Amino acid sequence: MTLQKDLISGLSKKNKIIPSKYHYDLQGSKYFEKITQQKEYYPTRKEKEILKKISKKIPALFKGSLAFVELGSGAADKIKILINKKVKYYVPLDISLNFVKKSAFKLKKKYPKLIIKPLKVDYSRRFKIPNFKKTTKVCFFLGSSIGNFHYKEEKKFLINIRKSIGKDNFIFIGADLIKNKKILHNAYNDKKGYTAKFSLNLINIINRTQKTKLNIKNFYYHGFYNSQKKCIQGFLVSKIFQTFKIKNKTIVLKKSEKILVEISNKFTIKSFKALASQTGWKTQQYWQDKKKYYSLFLLKS
Ligand SMILES: C[S@@+](CC[C@H](N)C(=O)[O-])C[C@H]1O[C@@H](n2cnc3c(N)ncnc32)[C@H](O)[C@@H]1O
């Protein structure tokens, strides 16, 4: 079982870590949707501003019929801005399949002719994108999810997708940009506490799946911008000394010990272009919102 293996290995390390993909059970996906509606969380608003700006130009950018493939599609809210008559297929790929099926159902009501094929995929591993004959594949990786990879694994991910979709297909990637530290800090510390709830929900997920009896009140969320690493780091911090068992492995958490549960790397236009070219993609165009907080890149395989 992957979650169990990752928990045992991540919680046995000196610097404890739980991969962020495990946040997304149904409740986690709902909390994330709430985060995107918070005033402090600018990435969703800024990305939508860019998508609205370019939506009319999209059909002219690609030849023939299109298959839109969205990785980590979540609520499938942003794709609605871009769907046009050339789009025959929409393939939302996500680890949180039940949530995505619900979003797909809503989308089908709005676009009855669109062929929608939701699939459960863990994109941090190798995966295949379905093939569509005589159709240009246009992938989407939005929500600044490209910033969530550890240990430079975004490179493996980008190479895998490029190989999987084949030559002369495309991907749109949303990348959050380095900016004022306070704006970044506030985005991951919303006043209503949804980011904290989203992270603390991991304790519920551990209890439910591993039959542990951890008390959520014995943890708090701590998120901040690490200017040296140019990334947001989100931690769950243990308020007390506590021990628990995952399978047969005893996990020890000291008082004030931190578990890294989320990172969000931030980019510059230059650093993102370099990442694209190092992974064999050609940058076609990029756009920014008015305040230059956020960027959207169109890459060709
Ligand atoms: C940051 S949210 C972005 C959601 C949406 N794309 C947006 O722009 O608002 C990340 C999404 O990716 C999904 N996700 C996270 N890790 C994943 C993984 N390893 N494989 C597949 N989906 C993943 C989550 O379930 C969630 O829907």
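Can you give me the long-range amide H partners of GLN284? Hydrogens built in the peptide plane at 1.01 Å from N, cutoff under 5 Å, separation of 5 or more residues or another chain. Here LEU298, LEU299, LYS300 satisfy the definition.
For the chain, a Gaussian network of Cα nodes joined below 10 Å ranks THR279, THR195, THR250 by mean-square fluctuation, and the top entry is THR250. One decimal place: the segment LYS211-SER9 gains 71.0 nm when fully extended, by the rule 0.36 nm per residue minus the C-alpha distance. Taking every C-alpha pair closer than 8 Å and separated by at least 6 residues, the mean separation divided by the residue count of the stretch 187-296 gives a relative contact order of 17 percent. Counted residue by residue at 0.36 nm each, then reduced by the alpha carbon distance between them, the extension gain from GLU153 to LYS191 reaches 10.5 nm. Take every Cα pair under 8 Å whose residues are at least 6 apart in sequence, average their separation, divide by the length of the chain, and the relative contact order is 22 percent. Computed 3J(HN,Hα) for the stretch 107-114, one whole-Hz value per residue from the Karplus formula 6.51 cos²θ - 1.76 cosθ + 1.60 where θ = phi - 60°, is 5, 4, 5, 6, 10, x, 7, 5, glycine and proline marked x.
Among the trypsin sites (Lys or Arg not before Pro) in the stretch 186-232, those located in a DSSP loop and surrounded by at most 11 other Cβ atoms within 10 Å of their own Cβ are LYS191, LYS211, LYS213, LYS229. Is the stretch 90-169 best put as rounded, prolate or oblate by its Cα gyration tensor, with a ≥ b ≥ c the root eigenvalues, rounded for a/c under 1.5, and otherwise prolate when a/b is larger than b/c, oblate when not? Since a/c reaches 1.5 but b/c is at least a/b, the shape of the stretch 90-169 is classed as oblate. Remark: spin-label model distance PHE241-SER65 equals 6.6 nm, labels positioned 7 Å along the Cα→Cβ axis. Once the chain from SER227 to TYR111 is taken as fully extended at 0.36 nm per residue, the excess over their C-alpha distance is 37.4 nm. Based on Cα contacts under 8 Å between residues 6+ apart, the stretch 1-81 shows a relative contact order of 20 percent. From the square roots a ≥ b ≥ c of the eigenvalues of the alpha-carbon gyration tensor of the stretch 128-209, which class results: rounded (a/c under 1.5), prolate (a/b over b/c), or oblate? Prolate, since a/c reaches 1.5 and a/b exceeds b/c. Sparsely packed loop sites in the stretch 163-258 (the chymotrypsin sites (Phe, Trp or Tyr not before Pro) outside DSSP H, G, I, E and B with at most 15 other Cβ atoms within 10 Å) comprise PHE241. Antiparallel DSSP bridges in the chain: what percent, to the nearest 5? So the antiparallel bridges amount to about 60 percent of the total. The distance between label points at LYS290 and LYS120 comes to 4.4 nm (points 7 Å beyond Cα on the Cα→Cβ vector). Need one number: the % of Cα-Cα pairs in the chain sitting beyond the 36 Å mark. Counting pairs separated by more than 36 Å, the tail of P(r) holds 17 percent.
Each value in this text was obtained by applying a stated rule to the coordinates, not by laboratory testing. Model, not experiment: these values are computed from the prediction. Counting neighbours? That spans all protein chains shown, and the Cβs are built from the backbone with ideal geometry, glycine included.
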